[in-house]
Amino acid sequence: MTGIDQAHDMPRLNREKLNEIKDIMGNEIQDIISEFSRIATNALETIASSLQSNDTERVFVEAHTLKSSSDIIGLSRFSRLCAILEVQARNNDMVKPENQLQLLKTELPIGIDAINSLLRK
């Protein structure tokens, strides 16, 4: 089983982490989620251009940042996918990076929608 397969087996959200950050941030949590979504979308575009120019150092930095920040807000699956890309970029051993990028681009809005759905409850 590959790392990507393992990521798909992970729960999309870590509700405990989401609730922790919600308790800390209160009403500002929605602004944080919106800002994360904007920043993450831009970071994924940076990763895409970095892959085209074979800049694995930039891919590593962006993936690392996304991994950490998404984990804080409870996006477990997205964070795991970022971690896989991060390790491969650090080791300069990219395995189908365009496919991984597409998975990230697909998972991000689904995860954000799941968070927003929970926050509305």
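Assorted remarks:
- Angle between the chain longest axis and helix 15-25 axis [Cα atoms, degrees, rounded to 10]: 60 degrees
- Based on Cα contacts under 8 Å between residues 6+ apart, region 57-121 shows a relative contact order of 31 percent.
- For the chain, the dipole from Cβ point charges (+1 on Lys and Arg, -1 on Asp and Glu) about the Cα centre works out to 280 debye, to the nearest 20.
- Between Asn54 and Ile72, the simple spin-label model (points 7 angstrom out along Cα→Cβ) gives 3.5 nm.
- For Asn99 and Asp31, the difference between the fully extended length at 0.36 nm per residue and the C-alpha to C-alpha distance is 21.5 nm.
- Stokes-Einstein diffusion for the chain at 37 °C, viscosity 0.692 mPa s, with a Kirkwood radius from C-alpha pairs, works out to 228 µm²/s.
- Helical content alone sets the calculated 222 nm signal of the chain at -27000 deg cm²/dmol, taking -39,500 (n - 2.57) per DSSP H segment of four or more residues and averaging over every residue.
- Rel. contact order, % - alpha carbon contacts under 8 angstrom, at least six apart, the chain: 34 percent
Computed from the coordinates by the stated procedures, all read-outs in this text should not be read as laboratory data. Predicted model only: the values in this text are computed from it and were never measured. Cβ atoms come from the backbone with ideal geometry, glycine included; neighbour counts cover every protein chain shown.
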